[in-house]
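Colleague: Please read through the structure below; I'll follow up with questions.
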Amino acid sequence: MGSVRAVLIDIDGVLTVSWQPLPGTVEALREIREAGLAVALVTNTTSRTRASIARTLADAGFPVSADDILTAPAVTAAHLAEHYAGARCVLLNSGDIAEDLAGVTLVDEDQADCEPPDVVVVGGAGPEFGYAALDRAFGHLQRGARLVAMHRNLYWRTDQGLRLDTGAFLAGLEKAAGVEAEITGKPSLAFFEAALAHVGAGADEAVMVGDDIESDVLAAQRAGVTGVLVRTGKYLARTHRDASGTPDHVIDSFANLPTLLRDLRGSAQQQL
């Protein structure tokens with residue numbers, strides 16, 4: 001930990017809830033920046049583009065720009081370009097993320113009815129995930145379309161409490177159609193590799209801070225990154241207790257991260 005050069009940070013539930021800063025998070029991120037650490041905000045958020053997220057966070061006082069943000073839609077676009085170049089895709093998502101899907105051939109349902117799509121792309125859940133939309137996606141999968149999903153999150157936290165997310169619907173589609181989705185966002189290894197490349201750091205030089213013990217923290221640890229779980233956002237004691245592994249570190253809030261990093265660096269230097 002004495003060689004930490006980069007910090008990967010989930011946004012929703014870690015820095016903000018419903019895009020409002022959690023206490024002390026703006027100041028903590030500024031302190032991390034001033035310490036010279038590279039920063040990447042890594043998020044499965046699929047309701048906004050990178051530019052929109054950056055504007056919202058900057059307006060709230062966070063020292064970030066669009067270049068600091070890596071989203072599941074952006075990684076999905078790269079995945080589709082590499083594995084399904086030129087494929088016709090239908091998108092099921094809540095929010096406008098077309099800007100981050102540059103190069104992806106998106107077709108609407110009228111076009112899909114005339115010529116079946118090659119790929120069903122599933123983003124974040126919302127009102128659009130009604131019976132008709134899910135049944136259409138099921139039909140495309142039965143006709144041979146591949147299934148690519150930006151994440152498997154079961155829920156996220158808003159200022160109104162926990163809300164149901166994509167994972168609950170995705171499991172049903174997979175089971176009904178007899179297929180397995182390709183996951184492009186967290187917790188996929190490819191997502192963390194892209195984040196490390198983004199900040200120019202090795203896995204042993206980075207920490208990942210998140211409120212989702214499975215998708216953020218333990219997934220990062222499987223990629224060789226030090227995991228830090230925060231007790232904010234979607235954190236629940238029962239999911240912590242029943243998790244598939246143990247986080248490297250647990251803190252009450254992102255506001256406590258600068259202290260943790262200083263303590264770990266001091267400990268590492270004493271061991272040299």
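The values are calculated or read from the model by the stated rules, or taken from the named source; none is laboratory data. If you're wondering where the values come from, they're calculated on a predicted model, not measured in any experiment. Positions of Cβ are generated from backbone atoms using ideal geometry, with glycine treated the same way; all protein chains shown enter the neighbour counts. To get the accessible areas, we keep the full protein, side chains included, count just its heavy atoms, and leave off ligands, DNA and RNA. Shrake-Rupley method; radii C 1.70, N 1.55, O 1.52, S 1.80 Å.
Colleague: Just add up the charged neighbours of ALA77: K/R +1, D/E -1, any other residue whose Cβ is under 13 Å from the Cβ of ALA77.
Modeller: On the way: positive: ARG50; negative: GLU82, GLU99, ASP100.
Charge balance in the 13 Å sphere: -2.
Colleague: Right, here's the next one. Hey, what angle do you get for helix 189-199 against the long axis of the chain, alpha-carbon based, 0 to 90 degrees rounded to 10?
Modeller: The two axes meet at around 50 degrees.
Colleague: Springs between alpha-carbon atoms under 10 Å, Gaussian network over the chain: tell me which of ASP242, ASP252, ASP212 tops the mean-square fluctuations.
Modeller: ASP242
Colleague: Moving to a separate point now. Tell me, what % of the accessible area of the chain is carbon and sulfur with a 1.4 angstrom probe? Mind dumping the intermediate values first?
Modeller: On the way: 5800 of 12060 Å².
Carbon and sulfur atoms account for 48 percent of the accessible area of the chain.
Colleague: Counting only heavy atoms of the protein chains, get the accessible area per residue of the chain (1.4 Å probe) and round it to a whole Å² value.
Modeller: Values: 12060 Å² over 272 residues.
Per residue, the chain has an accessible area of 44 Å².
Colleague: Relative to the longest principal Cα axis of the chain, at what angle does helix 131-142 sit, 0 to 90 degrees, rounded to 10?
Modeller: 80 degrees
Colleague: On a 0 to 90 degree scale, rounded to 10, what angle separates helix 257-271 from the longest Cα axis of the chain?
Modeller: Rounded to the nearest ten degrees, it is 60.
Colleague: Related question: Students often get this wrong: which residues of segment 194-226 have the backbone nitrogen under 19 Å from the point 7 angstrom along Cα-to-C-beta of SER244?
Modeller: So the set is 194, 208-226.
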